[in-house]
Amino acid sequence: MATLSHKKFCTAVIMGLSAVLAACSASTSRTVDQQQAGPQLRQAEVSEYRRLLAEAQQLSFTLDFDALRQAYVESSEYNPYGGVKLAGLPEAYRSVESAQFGECLKHVDEVLASNYMSLEAHMIGVLCSGRSANLDREDKHRYMVEGLMESIESSGDGRSQNSAYRTISTSELRGFVRLKGLQVLDQSIVYDQQGIYDKMQVRDPESGDEYSLFFNVSQQFVHGMDGAAE
């Protein structure tokens, strides 16, 4: 599993501040309630997702993150947004901005209590626990970030629709782009017979290169539409 530097986490979180703080003003309590409402979990769903989640929380060396992510999607705990519409995430970003790292971790806990799969929350958790010298906690968040990132990276190379990265929430997509250190120049939705894709025109600040990245967002798009229709 690749190791991501603390500096890279810091940069990624700072890059995300303005976008998240702007977006959070558009979020409403009705949307959060709508996401939390839903059909009761079938016992099989509880068993599989919760079993794998327990392994993740124990920092299992043998956990299959692909299986964890898929089990999450198939459970009714699945949140296709997984981002600023989660209570606590905008506040966590604000705490980073004001260098209140202990307060930041409280908000990260709030996010993870309702969505432990939030890549952004764990990304922020690495930064804030590192700044708070809480090394055990930093290991927990880093484990999740590196596992989720490796799972996404193994799904494709993102350079075409046929080889698009597969992401399961907007939090994954945003966190992935930020941890790669990329700037988003433009964004659009494209379709083909195989699925729905988020096409991002990005720039690498270090090299100045600009190129397109494709993310297969079919799963969150379909589930998001289902939630809106309920």
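The values are calculated or read from the model by the stated rules, or taken from the named source; none is laboratory data. These figures come from a predicted structure and were not determined experimentally. Ideal geometry is used to build each Cβ from the backbone, glycine not excepted, and the neighbour counts take in all protein chains shown.
Right, Ser154: farther than 20 Å from Ser118 by Cα and out of contact with any helix residue (DSSP H, G or I) (no Cβ under 7 Å at 6 or more places or on another chain) or not? Please lay out each step first, then the result.
Values: farther than 20 Å from Ser118 by Cα: no; out of contact with any helix residue (DSSP H, G or I) (no Cβ under 7 Å at 6 or more places or on another chain): yes.
When the stated conditions are applied, Ser154 does not pass them.
Restricting to segment 103-133, give me the number of residues that are in contact with a Ser or Thr (Cβ under 6 Å, 6 or more places away or on another chain) and either surrounded by fewer than 24 Cβ atoms within 10 Å (Cβ to Cβ) or within 19 Å of Phe176 (Cα to Cα) (or both).
5
Going residue by residue through segment 166-187, is there one that turns out to be within 30 Å of Glu55 (Cα to Cα), among the aromatic types (Phe, Trp, Tyr) and outside the structural domain of Leu53 (by TED's automatic domain parsing)? Even if it seems obvious, please write down each step before you answer.
If we filter segment 166-187 for residues that are within 30 Å of Glu55 (Cα to Cα), which is where we start, we get 166-181.
After this cut, where a residue has to be among the aromatic types (Phe, Trp, Tyr) as well, the list is 176.
Within this subset, residues satisfying the condition of being outside the structural domain of Leu53 (by TED's automatic domain parsing) are 176.
Scanning segment 166-187, I find at least one residue that is within 30 Å of Glu55 (Cα to Cα), among the aromatic types (Phe, Trp, Tyr) and outside the structural domain of Leu53 (by TED's automatic domain parsing), so the answer is yes.
Among what's in segment 134-177 and is closer than 21 Å to Phe221 by Cα and among the basic types (Lys, Arg), pick the residue that is surrounded by the most Cβ atoms within 10 Å (Cβ to Cβ).
That would be Arg174.
Are there any pairs with C-beta distances below 6 angstrom linking a residue in segment 191-218 that is farther than 12 Å from Ser163 by Cα to a residue that is in a loop (DSSP other than H, G, I, E, B), with the two at least 6 apart or on different chains, and if so which?
Hits for this filter: Asp192/Gln161; Ile196/Val217; Asp198/Val217; Val202/Leu182.
Return yes when Gly130 is in contact with a strand residue (DSSP E or B) (Cβ under 6 Å, 6 or more places away or on another chain), touching a residue at least 40 places away in the same chain (Cβ under 8 Å) and either over 23 Å from Leu53 (Cβ atoms) or outside any helix (DSSP H, G or I) (or both) and no when it is not.
Working: in contact with a strand residue (DSSP E or B) (Cβ under 6 Å, 6 or more places away or on another chain): no; touching a residue at least 40 places away in the same chain (Cβ under 8 Å): yes; either over 23 Å from Leu53 (Cβ atoms) or outside any helix (DSSP H, G or I) (or both): yes.
The answer is no for Gly130.
Does at least one position in segment 203-218 carry a residue that is surrounded by 17 or more Cβ atoms within 10 Å (Cβ to Cβ), in the same structural domain as Glu103 (by TED's automatic domain parsing) and farther than 24 Å from Glu74 by Cα?
no
Scan segment 54-96 residue by residue and report those that are loosely packed, with under 15 Cβ neighbours inside 10 Å and either under 15 Å from Met123 (Cβ atoms) or free of Cβ contacts under 8 Å to residues at least 12 places away in the same chain (or both).
Ala54, Gln58, Ser60, Phe61, Thr62
Within the group Ser154, Ser160, which residue is of a type in the set (S, T, N, Q) and out of contact with any strand residue (DSSP E or B) (no Cβ under 8 Å at 6 or more places or on another chain)?
Working: Ser160 fails: out of contact with any strand residue (DSSP E or B) (no Cβ under 8 Å at 6 or more places or on another chain).
Of Ser154, Ser160, the one residue that is of a type in the set (S, T, N, Q) and out of contact with any strand residue (DSSP E or B) (no Cβ under 8 Å at 6 or more places or on another chain) is Ser154.
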